[in-house]
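J.: Quick one: structure below, then a few questions.
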Amino acid sequence: MARVFSGIQPSGELHTGNYLGAVKNWVDLQEKHECFFCIVDYHAITQDYDVEQLSSRTFDMAVSLLASGLDPEKCVLFVQSHVLEHTELAWVFMSVTPLGELERMTQFKDKSQRQESVLAGLLNYPVLQAADVLLYKAGVVPVGEDQVQHVELMREIARKWNSRYGRGFFPEPDALVGPARRILGLDGQAKMSKSLGNTIGILDEEDGIWQLLRPAVTDPARVRKTDPGDPEVCNLYSLHRQFSPPATVEEVARKCRSAGWGCLECKRVLADNIAAEFAPIRARAAELKSQPERVRDILEAGAERARVVARATMREVRERMGFLQTAAETTSTT
């Protein structure tokens with residue numbers, strides 16, 4: 001059974017994009033695999049962020065993940081900065097990662113072009129990602145399409161380290177792109193993002209969901225209600241596929257093509273189905289928020305389970321690389 005690792009930034013409560021693109025798949029994976037899921041707060045500091053809100057957003061993300069169905073009895077859920085070996089292994093991997101490989105990463109090129117002063121953390125972001133995954137010797141990494149290139153770099157880093165310090169020690173992980181491959185925002189133009197304001201939060205109330213969907217972009221060919229459309233070019237139809245029953249999806253497609261429904265009617269049905277799926281998640285989140293110590297205990301227990309694996313990995317990494325062992329390490333290996 002392959003070990004699975006995936007991480008998510010501490011952006012507060014989940015929105016529809018990362019729920020469909022990642023977390024819904026995680027909930028399924030925990031039933032079949034040994035899974036490590038991490039709130040990657042070290043990754044969050046590679047760009048400007050609100051220092052006062054980092055802790056609360058990390059907590060809110062944990063609440064959202066648990067409310068969405070991650071079960072601490074079935075997976076390991078923890079915060080990245082609570083396991084210090086992540087950054088230790090990242091530094092080790094920087095010693096075998098070519099600069100040119102980092103500079104050719106698409107995300108780095110895109111983001112660095114928008115910055116006047118490019119920080120080293122942005123460049124080395126994929127190295128820390130590699131450390132996150134390989135620290136646990138994970139063989140499968142659930143990612144969005146935009147992260148597949150980073151998984152390829154993880155594989156190269158594992159090969160380079162293995163060739164120098166020990167064949168086969170680190171596995172070469174495979175990317176697992178979920179069924180919801182790329183979720184566009186309500187503007188129909190860009191990936192769902194809180195910074196772009198084109199998302200629906202999983203804890204939004206029914207009326208709030210409707211207010212967000214009403215102005216959402218649909219098929220541009222449908223100027224009037226009587227204009228037939230093509231559901232395949234309508235972004236909201238892709239959301240129907242995720243939230244609506246198959247019979248409703250078929251009805252939406254048929255009535256779009258025949259102009260049997262106007263876009264508002266289509267949006268109303270979608271809003272109701274999204275609200276129905278998120279209702280039990282909202283209820284569980286409210287319960288968890290009322291018990292903050294329970295959430296913190298879950299994260300600490302997860303971090304302790306992660307540390308056991310991480311410390312064992314780093315002990316052998318140091319030994320293979322020739323570092324002087326501590327007295328405790330020497331005793332534990334004799």
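J.: Is at least one residue of segment 242-252 in contact with a Leu (Cβ under 8 Å, 6 or more places away or on another chain), assigned to a helix (DSSP H, G or I), assigned by TED's automatic domain parsing to the domain that holds residue 92 and surrounded by 12 or more Cβ atoms within 10 Å (Cβ to Cβ)?
T.: no
J.: Ok, one more. Exactly one of (1) among the aliphatic types (A, V, I, L, M); (2) surrounded by 16 or more Cβ atoms within 10 Å (Cβ to Cβ); (3) under 27 Å from residue 61 (Cα atoms) is unmet by residue 308. Its number?
T.: (2)
J.: Then there is this: Give me the residue from segment 95-118 that is in a helix (DSSP H, G or I) and among the aliphatic types (A, V, I, L, M) and, out of that set, surrounded by the most Cβ atoms within 10 Å (Cβ to Cβ). Even if it seems obvious, please write down each step before you answer.
T.: Kept after step one, since they are in a helix (DSSP H, G or I), are these residues of segment 95-118: 99-103, 106-112.
Filter again for among the aliphatic types (A, V, I, L, M), leaving 99, 102.
Values: 99: 10, 102: 18.
Of everything passing the filter in segment 95-118, 102 is surrounded by the most Cβ atoms within 10 Å (Cβ to Cβ).
J.: Let me ask something additional. List the residue pairs whose Cβ atoms are under 7 Å apart, where the first residue sits in segment 207-229 and is of a type in the set (Lys, Arg), the second is buried (at least 17 other Cβ atoms within 10 Å of the Cβ), and the two are 6 or more positions apart or on different chains.
T.: From segment 207-229, the pairs are 214/267; 222/229; 222/263; 225/262.
J.: Further, regarding this structure: Residue check: is residue 142 within 14 Å of residue 40 (Cα to Cα) and of a type outside the set (A, V, I, L, M)? First the steps, then the outcome.
T.: Numbers: within 14 Å of residue 40 (Cα to Cα): no; of a type outside the set (A, V, I, L, M): yes.
For residue 142, the condition - within 14 Å of residue 40 (Cα to Cα) and of a type outside the set (A, V, I, L, M) - is not met.
J.: Next question. Within the bounds of segment 67-79, is there any residue that is over 22 Å from the mean Cα position of the chain (by Cα) and either assigned by TED's automatic domain parsing to the domain that holds residue 320 or surrounded by fewer than 21 Cβ atoms within 10 Å (Cβ to Cβ) (or both)? Please lay out each step first, then the result.
T.: If we filter segment 67-79 for residues that are over 22 Å from the mean Cα position of the chain (by Cα), which is where we start, we get none.
No, there is no match, as no residue in segment 67-79 is over 22 Å from the mean Cα position of the chain (by Cα) and either assigned by TED's automatic domain parsing to the domain that holds residue 320 or surrounded by fewer than 21 Cβ atoms within 10 Å (Cβ to Cβ) (or both).
J.: Are any residues in segment 157-173 of a type outside the set (Phe, Trp, Tyr) and either closer than 30 Å to residue 201 by Cα or crowded, with 16+ Cβ neighbours inside 10 Å (or both), and if so, which ones?
T.: Our first condition is that a residue be of a type outside the set (Phe, Trp, Tyr); within segment 157-173, this holds for 157-160, 162-164, 166-168, 171-173.
Correct list: 157, 158, 160, 162, 171, 172, 173.
J.: Among the candidates 128, 186, 212, single out the residue that is under 20 Å from residue 19 (Cα atoms), outside any loop (DSSP other than H, G, I, E, B) and out of contact with any strand residue (DSSP E or B) (no Cβ under 8 Å at 6 or more places or on another chain).
T.: Only one candidate passes the filter, namely 212.
J.: I've got another one for you. Can you tell me which residues in segment 274-328 are in a helix (DSSP H, G or I) and of a type in the set (Phe, Trp, Tyr)? Quick ask: steps written out before the conclusion?
T.: The first filter runs over segment 274-328 and keeps only residues in a helix (DSSP H, G or I), leaving 274-289, 292-321, 327-328.
Listed by number, the list holds a single entry, 278.
The values are calculated or read from the model by the stated rules, or taken from the named source; none is laboratory data. Predicted model, so just to flag it, every value in this text is computed and none were measured. No Cβ is skipped: glycine too gets one built from the backbone with ideal geometry, and neighbour counts run over all protein chains shown.
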